[in-house]
1. Could you tell me what fraction of 2.2 N^0.38 Å the Cα radius of gyration of the stretch 153-198 comes to, as a two-decimal ratio?
2. Rounded to the nearest whole Å², what accessible area per residue is found for the stretch 139-278 with the 1.4 Å probe?
3. Of all the accessible heavy-atom surface of the chain, with the other protein chains kept in place and a 1.4 Å probe, what percent is carbon and sulfur?
4. Sticking with the crude label model, points 7 Å out along Cα→Cβ, report the distance from Thr159 to Ala237 in nm, one decimal please.
5. When the expected Rg is taken as 2.2 N^0.38 Å, what fraction or multiple of it is the alpha-carbon Rg of the stretch 61-157?
6. Per 0.36 nm of contour for each residue apart, how much would the distance between Gln30 and Ser271 grow if the chain were fully extended, relative to their Cα-Cα spacing?
7. Looking only at the chain, where both bridge partners belong to it, what percent of the DSSP beta bridges are antiparallel (to the nearest 5)?
8. What FRET efficiency comes out for the pair Arg257/Arg108, r = Cβ-Cβ distance, R0 = 56 Å, nearest 0.05?
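The values are calculated or read from the model by the stated rules, or taken from the named source; none is laboratory data. These figures come from a predicted structure and were not determined experimentally. Here the Cβ positions follow ideal geometry from the backbone for every residue, glycine too, while neighbour counts run over all protein chains shown. What goes into the accessible areas is simple: the full protein's heavy atoms, side chains included, and nothing from ligands, DNA or RNA. Shrake-Rupley method; radii C 1.70, N 1.55, O 1.52, S 1.80 Å.
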Amino acid sequence: MRTYSRITGTGSALPQRAVSNAELAVELAQRGIETSDDWIVSRTGIRQRFIASADCSTTDLAVDAARKALEMAGVTADDVDLIVLATSTPDQVFPSTACLVQARLGIRGAAAFDVQAVCSGFVYALTVADAMIRTGTYRRALVIGAEIFSRILDWTDRTTCVLFGDGAGAVVLESSIEPGLLSCRLHADGSQAKILCAAGRVDSGQIVGDPFLRMDGQAVFKLAVNVLDSSAREVLADAKLDVTAIDWLIPHQANVRILSATARKLDLPDSRVIVTVDQHGNTSAASVPLALDVAVRDGRITRGQHLVLQGVGGGFTWGSVLLRF
Ligand code: UT7
């Protein structure tokens, strides 16, 4: 009998402070940077983002999201034998944020590691956890995307600092004889590393190189629309399903214009795309599990529906997961 992995619980967490575009415009104006609610909404669809306070860590957000996912799944932390956490903003160089989360949840003995694929991180983490569960060695995984991007933004660069926010999302992924994840496909093109990067590194007690996120927005935009379309088609073909089988498309939440363009290319109505970028901004590896949890908890996503989760971002990386919820 074939073994699948299946999502049995979802959870998410946001920092306390929501910052509207208007508030951000005022804060940036004090630094001599000009932007407006009009520009941000019309170019990106973002209306607000959540920004972590100085005492909030990526681990804090991840633990909060994980606890909610465990509660929904009706399992305890002791039942977890694998933690895969996607982040580009870990709390420490090492150990991994997954290990810090493991300790906080009181989980003993489970395998725990981070995955680094920037905004594709959650889709990468889910694919890795799915493969590990299907071997039969692991039975119950916590798969988490958690980020505090506000700490790697250059708040004098208006082309990036208005776009990102902080947050976390998590799922419990369990071994099941019912499907489950149906197809996972990942890709990367390292030759495009420079269009979205945070190039600095720690060396001899100092940060060497540029410590901030830098992005060629237009180059990323064009690549994102192309790969999201082809990647959705790839997982559909793999599972021998037509695009009409998609109940909900949950792409990485970077820009509503990217989400709409992808839906248009797939011939999918906008009404079948989950959009949270307006409320959260771009939360990188957290964006897909955050959007998933919002739509599960507000009742749009129900058991048995087909979902396509999609990541795209720095690396350049991209990929999709097709699943029956
Ligand atoms: O998470 C990974 C994935 N990331 C993405 O998918 C991001 C993809 N890229 C995008 O979403 C868009 O390219 C942006 C939202 C980043 C930019 O939108 P755009 O329509 O490509 O704008 P642009 O870069 O062409 O800039 C248009 C104008 C420029 O002024 P000029 O040169 O025309 O005078 C910019 O300087 O808008 C200006 N501008 C701003 N104005 C007010 C750029 N940022 C801002 C700002 N406020 N925050």
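1. Numbers: Rg = 17.7 Å, N = 46, 2.2 N^0.38 = 9.4 Å.
Dividing the Cα Rg of the stretch 153-198 by 2.2 N^0.38 Å gives 1.88.
2. 44 Å²
3. Working: 6810 of 13520 Å².
Solvent-exposed carbon and sulfur of the chain make up 50 percent of the total.
4. Each label point is offset 7 Å from its Cα along the Cβ direction, giving 3.5 nm.
5. Numbers: Rg = 13.7 Å, N = 97, 2.2 N^0.38 = 12.5 Å.
Output field value: 1.09.
6. Numbers: separation 241, 0.36 × 241 = 86.76 nm, distance 3.88 nm.
Separation in residues times 0.36 nm, less the Cα-Cα distance, equals 82.9 nm.
7. Values: 42 of 58 bridges.
Antiparallel: roughly 70 percent of the beta bridges in the chain.
8. Calculated transfer efficiency: 0.75.
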